[in-house]
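The values are calculated or read from the model by the stated rules, or taken from the named source; none is laboratory data. Everything numeric here is computed off the predicted structure, so don't read it as measured data. No Cβ is skipped: glycine too gets one built from the backbone with ideal geometry, and neighbour counts run over all protein chains shown.
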């Protein structure tokens, strides 16, 4: 049995950055970056769906030794989630997460977060992450949603102190 590749989120994000892909990190990894206590084995992104950006994303996927189809505007309109196994862990491309209108909707509140090794991706805000989880309507997400709401309260409190 083949061993799963070691999860290297910085390696995945660095490859996207090397190819100048425009994206926002969402999902469990984004929640971890924002302060949630979760464990994940992959990175989820919402890319800009402009043709040139999709071309760069496809180049990054080749660089990551991914398995999966090439992405194009027509395919992104049909599929909810594209899953890629890469040499650095799982990468999911989510063109329009539940509860959002995609990249342009999420970028207004996204922040650049320094993660190390020069990697500073745009990460969805805690409010947007909560909105996406709530829109899924899954019972198993309720504890995660409550934790995000607590983080939002802490962020508001910190903002008031400043």
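Assorted remarks:
- Some residue of segment 45-55 being surrounded by fewer than 18 Cβ atoms within 10 Å (Cβ to Cβ), farther than 23 Å from residue 109 by Cβ and in contact (Cβ under 8 Å) with a residue 40 or more places away in the chain: no
- Residues that are more than 25 Å from residue 126 (Cβ to Cβ), surrounded by 17 or more Cβ atoms within 10 Å (Cβ to Cβ) and either in contact with a helix residue (DSSP H, G or I) (Cβ under 9 Å, 6 or more places away or on another chain) or modelled with pLDDT under 95 (or both) are absent from segment 26-39 altogether.
- Any hit, segment 121-132, residues being surrounded by fewer than 11 Cβ atoms within 10 Å (Cβ to Cβ) and either out of contact with any strand residue (DSSP E or B) (no Cβ under 6 Å at 6 or more places or on another chain) or assigned to a loop (DSSP other than H, G, I, E, B) (or both): no
- Only one of 154, 162, 61, 71 that is over 14 Å from the mean Cα position of the chain (by Cα), surrounded by 17 or more Cβ atoms within 10 Å (Cβ to Cβ) and modelled with pLDDT under 95: 71
- Only residues that are touching a strand residue (DSSP E or B) at 6+ places or on another chain (Cβ under 9 Å) and at positive phi were counted in segment 32-81, giving 2.
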